[in-house]
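Report on one structure; see the data block that follows.
The values are calculated or read from the model by the stated rules, or taken from the named source; none is laboratory data. Keep in mind the model is a prediction, meaning the values are calculated, not measured. All Cβ positions, even for glycine, are placed from backbone atoms using ideal geometry, and neighbour counts span all protein chains on display. Side chains are part of the model used for accessible areas, which takes the heavy atoms of the whole protein and leaves out ligands, DNA and RNA. Shrake-Rupley method; radii C 1.70, N 1.55, O 1.52, S 1.80 Å.
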Amino acid sequence: MNELKTAIIDIGSNTIRLVMYQYDKEEGLREIGNIKTVARLRTYLQPSGEMSEEGIQVLTETLLTFKAMLDDFEVTDVKAAATAAIRQATNRAEIITLMKERTGIQVELLTEEEEAYYGFVAVAHSIGTKSAVTIDIGGGSTEITLFKNKELQTSHSFPFGTVSLKQRFVKGDIINGSEKKELIAFIKEQFQSLPWIQDIGLPIIAIGGSARNVAQIHQQKHAYPIASVHGYEMTKENLEELSIFLGNLSFNELKQLDGLSADRADIIVPALEVFSVLMEVVGGESFQITKNGLREGLIIQRILQTDESAFDKYNVFEGNARRLARQYGRTEDEVDYLMNLTDQLYRECCHLGYSQYNQKDLELLTRASKVFNIGEYIELSSASQHTFYLIANQSIDGLNHKERVKLALLASYKNKDYYQRFAAPFTEWMSREEYRKIRDFGALLKFVYALNVSKRKIVHAIEIQTEEDYVQLSIYVKNNAAAEKYQANRHKKHLERALKIPIKINFIEEGLNNNDN
């Protein structure tokens, strides 16, 4: 599958959402439209188990609206998937038939196992964490999975979600102290019924709107310096602190709270307590958020069925970095070339003792080499600023936020002053040693990038020799290298500062002995 324009309609218990996607083998998967309706279908389930006619009408009107939007975007390939609210309705077969008759949209009812599986697929292909427990809390059900080394081990679906918990435990708009105690006791009992998550000490990865809202509130409360919640990490203490903070707010204050969708004001605290209890039962120390979930799992699985190489869950960042580089004008050949030069120069520096070889350091360097200076695509004179902003402030699959900032600092390195400016909001995220190391690695990458300034890939080897009071850097080229000589000599001061020794550069053209010091 080289190209695909498709849409997923996610019929949940709290919200119904239409997301339209475009997939291109070279550019990857991207959203082209995202529309949400807060339908609260779970509230239309009657004591008899049937969904009321009013609820069916809400679903009908929403799907008709979505159908008109699909026509506007000229999307004909549509998959509509229904979860707990329809699954729990005793008249579900009638609802599905009516939707086909009234809207022309065929609704597929997902089983509990399928819903959990697609959530896992989305997480495995968008988060770098190798092993974790996932939680996807919707309006009417909560799916828990356990995966190890990116392989699904087991899953379970509980027949409760934020809306049903609110209906069962909360009499007013917001939960009070005694209601919270009852809720926590119930949730703990439910989670303790799963022996495979007891005290396993793995990270928790949370899927869904409630999790994203928890992260957004926490970021707003702490004036978080970068954008997006994908890959954001919190601790159990962070969740507890947030629980106290939210518990002191009135319903009107919750509706006005930055980071919280007004339609979740009455259900955010129950959701937060579910997350806290799960962390306690699992014994996890990290609570991670993904922006991806059921919808992404459905589309990823569909693409993989026709192209097994489209996504690699074991190397999530690598494929995304190449697509990011391509998006900003960097070819596949240039990416590979810069990675190779970076590897050569780093190993030469380690061989002579100017750096201590570390596989993780080399991995970070080669990752950054793929996207170094991509901001030049926007404007050459301010490439450094654009590069830092582009990388630091967008969701990048496979990276948490600390990894993303380190990558941004490396890829945007221009000089010491710019580095200090960009790094200033993040000094607490790194030790002094990491801070210096990233700065020195940035200088190394800047020098490597200078060796391909003409984009002709003419440097084929780098060698370093230590002389008495300087370093001799021999650069072997295949052709005239006037531009590379100019840039290398211009930027060698950054490398000298990193290696703490003067450098003399010798460009050696194949078949000639051409010295340029």
The range 182-225 versus the range 233-294: alpha-carbon centroid distance in Å: 7
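Is the shape of the range 411-477 rounded, prolate or oblate, going by the alpha carbon gyration tensor and its root eigenvalues a ≥ b ≥ c, with a/c under 1.5 for rounded and a/b larger than b/c for prolate? Could you put the intermediate results ahead of the total?
Numbers: a/c = 3.24, a/b = 1.67, b/c = 1.94.
Here the range 411-477 falls in the oblate category.
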Fraction of accessible area attributable to carbon and sulfur, the chain (%, probe 1.4 Å): 45
Cα principal axis extents for the range 440-482, largest first, Å: 34, 23, 15
Proximal lysines to residue 181, defined as alpha-carbon separation beneath 24 angstrom and excluding residues fewer than eight positions away on the same chain: 166, 171, 236, 255
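Based on the Cβ-Cβ distance of residue 466 and residue 315, what FRET efficiency does E = 1/(1 + (r/R0)^6) give at R0 = 22 Å, to the nearest 0.05? Provide the component values of the computation, followed by the final result.
On the way: r = 36 Å, r/R0 = 1.64.
Efficiency computed from Cβ-Cβ geometry: 0.05.
Quote the convex hull volume per residue of the range 389-517, based on C-alpha atoms, as a whole number of Å³. Walk me through the intermediate numbers first.
Values: hull volume 16.3 nm³, N = 129.
Cα convex hull per residue, to the nearest whole number: 126 Å³.
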Efficiency of FRET between residue 493 and residue 377 - r from beta-carbon atoms, R0 45 angstrom, step 0.05: 0.95
For residue 91, residues with placed amide H under 5 Å, excluding near neighbours: 51
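How would you classify the range 271-379 from its alpha-carbon gyration tensor, with a ≥ b ≥ c the square roots of the eigenvalues: rounded for a/c under 1.5, else prolate if a/b is greater than b/c, otherwise oblate? Working shown, then result.
Working: a/c = 2.40, a/b = 1.44, b/c = 1.67.
Since a/c reaches 1.5 but b/c is at least a/b, the shape of the range 271-379 is classed as oblate.
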Relative counts (whole %) of C-alpha pair distances in the range 34-84, using bins that are 10 Å wide: 20, 49, 24, 7, 0
Mean Cβ count within 10 Å, highest first, over the residues of peptides 133-145, 37-49: 133-145, 37-49
In order through the range 106-112: 3J(HN,Hα) via Karplus (6.51 cos²θ - 1.76 cosθ + 1.60), integer Hz, x for Gly, Pro: 7, 8, 9, 8, 7, 6, 4
Amide H partners (placed H, <5 Å) of residue 506, local residues excluded: 473, 474, 475
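Output needed for the chain: three equivalent-ellipsoid semi-axes, defined as square roots of 5 times the C-alpha gyration tensor eigenvalues, in descending order, whole Å. Walk me through the numbers before you get to the answer.
On the way: eigenvalues 506, 132, 69 Å².
Sorted largest first and rounded, they come to 50, 26, 19 Å.
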Near-label residues of the range 303-331 by backbone N, under 19 Å of a point 7 Å along Cα→Cβ of residue 77: 303-312
Listed peptides 171-183, 489-501, 393-405 by packing density, highest first (mean Cβ within 10 Å): 393-405, 489-501, 171-183
Exposure of residue 263 as accessible area (Å², to 10), given a probe of 1.4 Å and all protein chains: 40
Inter-label distance for residue 394 and residue 130, nm, one decimal - labels placed 7 Å from Cα along Cα-to-Cβ: 2.9
